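What follows is a set of notes on a single structure, which appears directly below.
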Amino acid sequence: MKRVLIAGGSYFIGKAITEKLVNSGYEVTLLNRGNNKVNGVTQLICDRDQKEEMQTVLNGKKFDYLVDVSGMNGMQTEIICNSIDATELKKTIFISSSAVYDVEHLRARFREDDKLKVNKYWGEYGTNKIEAERTFKRFMEQKKIPLTIIRPSYVYGEENYVQRESFIFEHILTNQPVILPDTNKKLQFIYAKDLAMIVKTLLEKETEKTEIYNVGNSEYVTAKEWVLFCAEAMGKRVETVMFDYKKENMGVREFFPFHDYDNVLNVDKIKTICPEETDFLQGLKNAYQWFLKEREHIVWKEQVRKNETEILKLSQL
């Protein structure tokens with residue numbers, strides 16, 4: 001069996017990847033803090049910020065592949081690189097982010113070879129991902145191990161703990177209007193299970209050097225279209241309120257779950273390898289069914305609710 005170590009692997013994106021690889025016959029080992037028990041796999045429990053812990057749990061273990069879902073910065077990447085026995089590694093895949101692009105000086109759709117620099121909307125999250133990419137690249141090229149870097153657009157689907165589609169589902173179920181920035185920027189999504197399929201495909205693709213892929217659906221939607229798709233997936237109607245947040249000196253994240261810029265990637269490269277994608281409406285229907293099961297466990301952000309009340313008052317003046 002092909003042995004794969006997944007750093008992360010028990011939540012959302014990582015869980016989708018874990019399930020795909022297990023069902024494809026891989027011998028999967030998860031490396032995480034053990035907050036969520038996953039059946040059918042081996043779990044190595046450690047804090048990846050702690051070098052000694054990492055070295056202890058990985059001591060004596062060998063893998064054919066490494067998939068890093070949870071790496072957030074150069075330090076974490078360096079620790080796992082220096083702790084894993086790389087003698088039998090055939091490939092490493094790192095899940096990076098679209099937040100690495102210098103969007104202020106670029107035009108969407110962003111390409112894999114576009115300039116990487118601080119992204120003013122994502123700040124340290126983006127620059128930390130850049131450093132993690134570079135650390136992996138240095139180490140894997142030194143060891144002559146092929147590296148694949150994946151930069152997803154917004155990921156959605158079942159078990160999405162980030163309050164995005166669930167935020168809209170809740171508003172529609174409770175007959176609350178959804179407040180949208182009047183800029184109505186473009187958003188690009190990818191279904192978590194499609195991302196998992198891409199990881200499997202790229203894991204098995206013959207490569208000799210570092211490769212980088214943007215991943216996302218072929219088409220983008222505007223913020224308002226996304227909300228309307230969510231409503232259609234639920235079989236319900238939705239009221240939307242367009243809001244000029246800049247005029248009121250507010251931040252978009254104070255009432256809406258996305259940064260206010262066109263986050264759209266050029267995905268031509270990955271589509272030559274993985275052209276299939278889940279129908280957007282069907283993916284949202286699947287996400288909605290999961291939401292209904294988990295709704296009672298979701299803790300909504302109280303301050304956002306207060307902000308929405310104030311905005312609706314302003315819109316009525």
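Rule-based calculations on the coordinates, nothing more; no lab input. Everything numeric here is computed off the predicted structure, so don't read it as measured data. Quick reminder, even Gly has a Cβ in these numbers, built from the backbone with ideal geometry, and neighbours come from all protein chains shown.
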Practice item. Write down Rg/Rh for the range 20-151, rounded to two decimals, with Rg from the C-alpha atoms and Rh from the Kirkwood relation over Cα pairs. Key: 1.00
Check your understanding: Taking amide H positions as placed 1.01 Å from N in the peptide plane, with prolines and chain starts having none, which residues 5 or more places from Met242, or on another chain, fall under 5 Å of its amide H?
Key -> Leu180
Exercise for review: Sort Val178, Val304 so the one with the fewest other Cβ atoms within 10 Å of its own Cβ comes first.
Suggested key: Val304, Val178
Study note, to complete from the structure: Simple SL model, points at 7 angstrom along Cα→Cβ for Glu206 and Asn23; separation in nm is 2.8 nm
Check your understanding: In a GNM of the chain with a 10 Å cut-off on Cα contacts, which of Ile198, Ile190, Ile45 has the highest mean-square fluctuation?
Key -> Ile45
Point to revise | Of Lys51/Lys129; Lys117/Lys193; Lys91/Lys200; Lys236/Lys301; Lys15/Lys224; Lys137/Lys205, pairs whose Cα-Cα distance is over 22 Å | key: Lys117/Lys193; Lys236/Lys301; Lys15/Lys224
Study note, to complete from the structure: The ³J(HN,Hα) series, computed from each phi in the range 299-314 with the Karplus coefficients 6.51, -1.76 and 1.60 at θ = phi - 60°, rounded to the nearest Hz and given as x for glycine or proline, is 9, 7, 7, 4, 5, 5, 4, 5, 4, 4, 4, 5, 5, 5, 5, 4
Revision key, fill the gap. Here the FRET efficiency for Ser315 versus Val162, based on Cβ atoms and R0 = 25 Å and rounded to 0.05, is 0.40
Revision key, fill the gap. The answer for the per residue Cα convex hull volume of the chain, in Å³, is 134 Å³
Practice item. For every other residue with a beta carbon closer than 11 angstrom to the beta carbon of Val238, add +1 if it is Lys or Arg and -1 if Asp or Glu, then tell me the sum. Key: +1
**Study point:** Projected label distance in nm at Lys90 and Arg33, using a 7 Å step from Cα toward the beta-carbon
**Key:** 3.3 nm
Exercise for review: Arrange Thr18, Thr207 by Cβ neighbour counts within 10 Å, fewest through most, would you?
Suggested key: Thr207, Thr18
Exercise for review: Sort largest first and round to whole Å: the equivalent ellipsoid semi-axes of the range 166-317, each the square root of five times a Cα gyration tensor eigenvalue.
Suggested key: 33, 19, 13
Review point. DSSP beta bridges in the chain, what fraction antiparallel, as a percent rounded to 5?
Key: 10 percent
Practice item. May I ask you to list the aspartates and glutamates whose Cα is less than 17 Å away from that of Lys209, ignoring any residue fewer than eight positions away on the same chain? Key: Asp64, Glu88, Glu112, Asp113, Glu133, Glu141
Check your understanding: Is it possible to state the helix-based mean residue ellipticity at 222 nm for the chain, with each DSSP H run of 4+ residues giving -39500 (n - 2.57), the sum divided by total residues, to the nearest 500 deg cm²/dmol? What is it?
Key -> -11500 deg cm²/dmol
Revision key, fill the gap. For the range 96-168, the Debye formula with one identical point scatterer on each Cα and no solvent gives log10 I(q)/I(0) at q = 0.15, 0.24, 0.25 Å⁻¹ as -0.62, -1.09, -1.12
Practice item. Counting residues in the range 1-60 as N, plug N into 2.2 N^0.38 Å and put the Cα Rg over that result. Key: 1.08
